[in-house]
Amino acid sequence: MSSRIGLQTCSRRRKASRQSKLWRIFGVTTTAAVLVAAALAQPTPPTRSVWDGVYTSDQAKRGQPLYQQHCVSCHGEQLSGGEEAPDLAGGAFLASWNGATVNDLFERIRVSMPQNRPGSLNRQNNADILAFMFSVNQFPAGKTELAKETEPLKQIRFDAAKPVEKK
């Protein structure tokens, strides 16, 4: 009998050892999965700036008549604002959006403008109007149109001043 008890004890130890190994593997795998999920959940910092040519001249030209039709009555011909409408060009405008992403500005326009019909313009119209605003604020045009989708817009920093080039 004692050898039988010894075998049972040994068998239990092996089983416990296997379970312990499995729990350790599970724990490591779970920890790794949590770390990967946390890393993926962190927003990636913008990789481009409004100074990198994020819209085209043609897009800004398309945006000008849209601005005239939907925005000028409140924000003025020179984008200088009105009694209750903020400036869309110049120092105060640049300072208020400095450090944000272009998506932050795009979303503000998309959900709250035009004031008399918020959200009535499609994403392409909003991107074109924003391109026009960038041209008035003397951000350089580039070869690719300003995106109308959220993720690419999140990758563009709104820098009020041109970043100093690293040597």
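Here are the numbers for the structure shown:
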item	result
Residue in segment 60-75 that is open to solvent by less than 30 Å² (accessible area, probe 1.4 Å), in contact with a Gly (Cβ under 8 Å, 6 or more places away or on another chain) and modelled with pLDDT of 85 or more present	yes
Long-range neighbours under 9 Å by Cβ, at least six apart or interchain, first residue among the polar types (S, T, N, Q) within segment 104-122, second surrounded by fewer than 13 Cβ atoms within 10 Å (Cβ to Cβ)	S112/P118; S112/G119; Q115/E84
Number of positions in segment 76-88 that are among the aliphatic types (A, V, I, L, M) and either over 16 Å from M113 (Cβ atoms) or buried (at least 17 other Cβ atoms within 10 Å of the Cβ) (or both)	2
Every pair of residues 6+ apart whose Cβ atoms lie under 6 Å, when the first sits in segment 45-70 and is at negative phi while the second is open to solvent by 60 Å² or more (accessible area, probe 1.4 Å) and at pLDDT 95 or above	P46/R157; S49/R157; T56/E145; Q59/E145
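The values are calculated or read from the model by the stated rules, or taken from the named source; none is laboratory data. Being a predicted model, the structure only gives us computed values, none of them experimental. Every residue, glycine as well, gets a Cβ built from its backbone with ideal geometry; the counts of neighbours run over all protein chains shown. Note: areas computed on protein heavy atoms with side chains; ligands, DNA, RNA excluded. Shrake-Rupley method; radii C 1.70, N 1.55, O 1.52, S 1.80 Å.
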